[in-house]
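What follows is a single structure, written as structure tokens, with notes after it.
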Amino acid sequence: MQRWRDLADIPGDWGRSVVTIGSYDGVHRGHQLIIGRAVARARELGLPAVVVTFDPHPKEVTRPGSHPPLLAPHPRRAELMAALGVDAVLVLPFTKEFSQLTPADFAVKVLVEKLHARAVVEGPNFRFGHRAAGTVATLTELGGTYGFEVLVVDLYERGTAGEGEAFSSSLARRLIAAGDVAGAAEVLGRPHRVEGVVVHGARRGRELGIPTANLDTPPYTAVPADGVYAGWLTAAGERMAAAISVGTNPHFHGTERTVEAHALGRTDLDLYGMRVAVDFTAFVRGQETFDSLDALLEKMADDLRRVRELTSGG
């Protein structure tokens, strides 16, 4: 899959393509439906499928300080899109100047002059251009002028057909913030993942015989609510069942919020400086304080037993 970081990176001889545009944070099940339709239409036409997305998140430019928690960094999104059959991903730098393009100017600059769109696939709530003035109806009108078709894909719903809340990045963020990682997995179509480089922490886990990988997560990462979770730690291509702790370690009067993962049964790992991934599959309990170290150790033993049960099915 080709990856471009600017319009200038698109090959000069790039032909016609099928395009879909959006932030696509999380590449959740609703996104998967839209991207899948774009890929299917591209295959029907014998053309490449292209996803156009943005960095930073448009809200950070249009309303500084309102950057939402991110469900997946751009490299992870690209991996997920490639698995759906996407041929190229264009990550456009979203600047103040870019945000001021009218819908028509955006369509000409991106869709017509650079990507030579034959078809554009979007959800019904797609908005684009300055002040989000462009709608699907606007896009369809521009398509008639510049020679591309517009396909609109309905969003998935939670629960029975036609009921519940549409799958969305904002819904996934709310569920993650509440610690409902199972609900978030329903929206995402997979467990929520947090990535980061392993850094030195207080080393209390190692002292207690339960060493943990302490992740330095990128800014704006969507981290679940404080508590203990079952999940998986992936490092250097190896996937290991893990107990994951999120919070400030109140028993030790901690103040810094951390994400730490203990690979079950592994005390031999040296992961410092490595980039690892943690997948959250189930909430075990909330963060607690204890009357004694013995009480803490007893609870941690219970946590590990529960995590082992929750991950036993692979």
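When Arg285 is tested against (1) among the charged types (D, E, K, R); (2) under 20 Å from the mean Cα position of the chain (by Cα); (3) farther than 17 Å from Ala185 by Cβ, exactly one condition is not met: (2).
Does Ala107 satisfy the condition of being within 24 Å of Arg193 (Cβ to Cβ), touching a residue at least 12 places away in the same chain (Cβ under 8 Å) and either buried (at least 17 other Cβ atoms within 10 Å of the Cβ) or outside the structural domain of Ala225 (by TED's automatic domain parsing) (or both)?
No: the conditions fail for Ala107.
Ala38 meets all of the listed conditions (1) surrounded by 15 or more Cβ atoms within 10 Å (Cβ to Cβ); (2) in a loop (DSSP other than H, G, I, E, B); (3) at pLDDT 95 or above but one, namely (2).
A single entry from Glu256, Glu260 fulfils the requirement of being among the charged types (D, E, K, R), exposed (fewer than 15 other Cβ atoms within 10 Å of the Cβ), touching a Ser or Thr at 6+ places or on another chain (Cβ under 7 Å) and under 23 Å from Pro69 (Cα atoms): Glu256.
Among residues of the stretch 1-29 that are in the same structural domain as Val51 (by TED's automatic domain parsing), those with a beta-carbon under 7 Å from a residue that is loosely packed, with under 14 Cβ neighbours inside 10 Å at least six positions away or on a different chain give the pairs Asp6/Pro93. For the stretch 61-89, taking the residues that are without any contact (Cβ under 8 Å) to a residue 24 or more places away in the chain and more than 18 Å from Leu188 (Cα to Cα), the one that is surrounded by the fewest Cβ atoms within 10 Å (Cβ to Cβ) is identified as Gly65. Considering (1) closer than 23 Å to Arg190 by Cβ; (2) part of a strand (DSSP E or B); (3) of a type outside the set (D, E, K, R), the lone condition that Leu92 does not fulfil carries the number (1). Here is the figure for the stretch 123-150: residues that are in a helix (DSSP H, G or I) and either within 19 Å of Arg63 (Cβ to Cβ) or not β-branched (Val, Ile, Thr) (or both) total 10.
Report, by residue number, each residue of the stretch 100-122 that is in contact with a strand residue (DSSP E or B) (Cβ under 7 Å, 6 or more places away or on another chain) and either more than 13 Å from Val52 (Cα to Cα) or not in a helix (DSSP H, G or I) (or both).
Start the filter on the stretch 100-122 by keeping residues that are in contact with a strand residue (DSSP E or B) (Cβ under 7 Å, 6 or more places away or on another chain), which leaves 103, 106, 110-111, 115-122.
Pro103, Leu115, His116, Ala117, Arg118, Ala119, Val120, Val121, Glu122 - these are the residues of the stretch 100-122 that are in contact with a strand residue (DSSP E or B) (Cβ under 7 Å, 6 or more places away or on another chain) and either more than 13 Å from Val52 (Cα to Cα) or not in a helix (DSSP H, G or I) (or both).
What about Val18, is it under 22 Å from Gly134 (Cβ atoms) and outside any helix (DSSP H, G or I)? So that I can check it myself, show each step before the final result.
Numbers: under 22 Å from Gly134 (Cβ atoms): yes; outside any helix (DSSP H, G or I): yes.
The answer is yes for Val18.
In the stretch 273-294, the count of residues that are touching a strand residue (DSSP E or B) at 6+ places or on another chain (Cβ under 8 Å), assigned to a loop (DSSP other than H, G, I, E, B) and farther than 22 Å from Pro69 by Cβ is one or more. Quick check, is Ala78 among the aliphatic types (A, V, I, L, M) and either more than 18 Å from the chain's Cα centre (by Cα) or not in a helix (DSSP H, G or I) (or both)? Here the answer is no, as Ala78 does not meet what is asked.
Checking the condition modelled with pLDDT under 95 and outside the structural domain of Pro68 (by TED's automatic domain parsing), which residue from Ala230, Ala301, Ala263 passes? Explain how you work it out, then say what you get.
Details: Ala230 fails: modelled with pLDDT under 95; Ala263 fails: modelled with pLDDT under 95.
Going through Ala230, Ala301, Ala263 in turn, just one is modelled with pLDDT under 95 and outside the structural domain of Pro68 (by TED's automatic domain parsing): Ala301.
When Pro224 is tested against the conditions (1) touching a His at 6+ places or on another chain (Cβ under 9 Å); (2) assigned to a loop (DSSP other than H, G, I, E, B); (3) modelled with pLDDT under 95; (4) not aromatic (Phe, Trp, Tyr), the lone failure is (3).
The values are calculated or read from the model by the stated rules, or taken from the named source; none is laboratory data. Model, not experiment: these values are computed from the prediction. Glycine also receives a Cβ, built like all others from the backbone with ideal geometry; neighbour counts cover every protein chain displayed.
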